[in-house]
């Protein structure tokens, strides 16, 4: 009897992974000296693509590029191909294939992406993935490979061993998940032993239980194959296949900004100029559990340090807040410092008037991606800079690179286009409307990223944004939809209102909803 493939038995949740987007990969490649292909005219392969959600978003954004996805799951590929056909994407091919014997054909790929694959497959498949990257990547091509990392996964391994032992012999995936969750819930009160051991186990158990989709627990933590790697071991595997470490896709993970000055000095001394040794010691200090590593051909001309001059051809995105660092009055005037922060704690303080004006503009443009030259010109005008254009350009390029290294900005080459304001007849992306029509409140933005629609009103608005309705049409049809929803509710009388009531409410709410929809990058240009 043939055993069903586990991903066909229990669906893995679909997500896009912004770190693997070719606009970000191209930017990193160019910072390090690679003539990386524009995502607007490239060939990209995703290995282990699932239903190809990431590829669907890319194929919509870049119609002149070609995308291929392979996966062993027939069910996932069938779902993805149904969406591909509905969206009319002729530049995307989704294939049911085993990587071990799949022939990629003669045409090279500019990007090869393998997210959530390397740690969860047998050794011979890992070898084949790296060999494919060597054989099928174009000379300046970039491979993205994510994997569980050491030393951080030593702690998570405690849980993997417990859960696999506790669920041994349970074949049904849902029964196995239930048994694993039951054990995790008991660990909060039942764990004994030393104080340190107890704290670690309780923390790990709480972290696993916080996951909203237990299929991730089944496929990741309960998987029979789940092998973490140190960065030095992974790089050695890659080198044996003729590949070389380029950088991390989450570029700020390479930063030592979170360390004390003395710790940074000791880190530099231990690394002694060796990038991989520096990364290895950073992992020891940070306890990193997951890596998203970029590789290139071993013979590719590579700068080991990012080149600020390359920043001038890129675009920047940043969800920034600006404050006076001392809590005083905020001023963009010359000589007055301003602190720019992101939601995840990255921060940069500067008193340079052009840099301050530029970062403020990027924050105001979010989620848009202004280009370097336009931002420089506008920032010089806003700050009335007395400096030469070249001096300000050099200062701003260094600031953008520093902000990227800190995680304050993301840099892109030819990012996907979308509308940052709702026009007269606004239109949401066809993919988001398709996802809502299928009953999901988690949809794919055009950046792309995953965004959750937090109300029935937001969901119904996306359904109606097909580009055929103006504001009056939207108010009328949205009011009708909300009345229909109330009528189909289990208790129709609770909170029910007629269409006239809803239209009156929507006078102010509609414009707010459209602004929020644009802010989430769901509107096509």
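Annotations
- In this entry, residue 7 passes the filter for residues that are modelled with pLDDT under 95, within 20 Å of residue 450 (Cβ to Cβ) and touching a helix residue (DSSP H, G or I) at 6+ places or on another chain (Cβ under 7 Å).
- Failed condition for residue 217, given (1) assigned to a helix (DSSP H, G or I); (2) in the same structural domain as residue 14 (by TED's automatic domain parsing); (3) surrounded by 17 or more Cβ atoms within 10 Å (Cβ to Cβ); (4) in contact (Cβ under 8 Å) with a residue 40 or more places away in the chain: (2)
Residue-wise test of (1) modelled with pLDDT under 95; (2) under 24 Å from residue 23 (Cβ atoms); (3) under 26 Å from the mean Cα position of the chain (by Cα).
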{"position": "335", "(1), (2), (3)": "yes, no, no"}
{"position": "378", "(1), (2), (3)": "no, yes, no"}
{"position": "383", "(1), (2), (3)": "yes, no, no"}
{"position": "404", "(1), (2), (3)": "no, yes, yes"}
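- Of all residues making up segment 139-148, the number that are crowded, with 18+ Cβ neighbours inside 10 Å and more than 13 Å from residue 294 (Cβ to Cβ): 1
- Restricting attention to segment 193-202, the residues being over 15 Å from residue 163 (Cα atoms) and either part of a helix (DSSP H, G or I) or in contact with a helix residue (DSSP H, G or I) (Cβ under 7 Å, 6 or more places away or on another chain) (or both) number 6.
- Whichever residue in segment 54-78 is in contact (Cβ under 8 Å) with a residue 60 or more places away in the chain and more than 21 Å from the chain's Cα centre (by Cα) and, among such residues, is farthest from residue 431 (Cα to Cα): 72
Let's see how each residue does on (1) touching a strand residue (DSSP E or B) at 6+ places or on another chain (Cβ under 9 Å); (2) free of Cβ contacts under 8 Å to residues at least 24 places away in the same chain; (3) assigned by TED's automatic domain parsing to the domain that holds residue 172:
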residue	(1), (2), (3)
192	no, yes, yes
205	no, no, yes
209	no, no, yes
232	no, no, no
239	yes, no, no
245	yes, no, no
248	yes, no, no
253	yes, no, no
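- Any chance residue 94 is in contact with a strand residue (DSSP E or B) (Cβ under 7 Å, 6 or more places away or on another chain), over 30 Å from residue 310 (Cβ atoms) and in contact (Cβ under 8 Å) with a residue 24 or more places away in the chain: yes
- If the condition is being closer than 23 Å to residue 483 by Cβ, at pLDDT 95 or above and part of a loop (DSSP other than H, G, I, E, B), then segment 454-469 contributes 465, 468, 469.
- Of the residues in segment 426-435, at least one is assigned by TED's automatic domain parsing to the domain that holds residue 462, without any contact (Cβ under 8 Å) to a residue 12 or more places away in the chain and either touching a strand residue (DSSP E or B) at 6+ places or on another chain (Cβ under 6 Å) or not in a helix (DSSP H, G or I) (or both).
- Residues that are part of a helix (DSSP H, G or I) and in contact with a strand residue (DSSP E or B) (Cβ under 7 Å, 6 or more places away or on another chain), drawn from segment 133-161: 133, 134, 136
- Checklist (1) surrounded by 21 or more Cβ atoms within 10 Å (Cβ to Cβ); (2) at pLDDT 95 or above applied to residue 433, failing item: (1)
The values are calculated or read from the model by the stated rules, or taken from the named source; none is laboratory data. Here the structure is a predicted model, which means the values were calculated and not measured. FYI the Cβ positions are ideal-geometry reconstructions off the backbone, even for glycines, and counts take in every protein chain you see.
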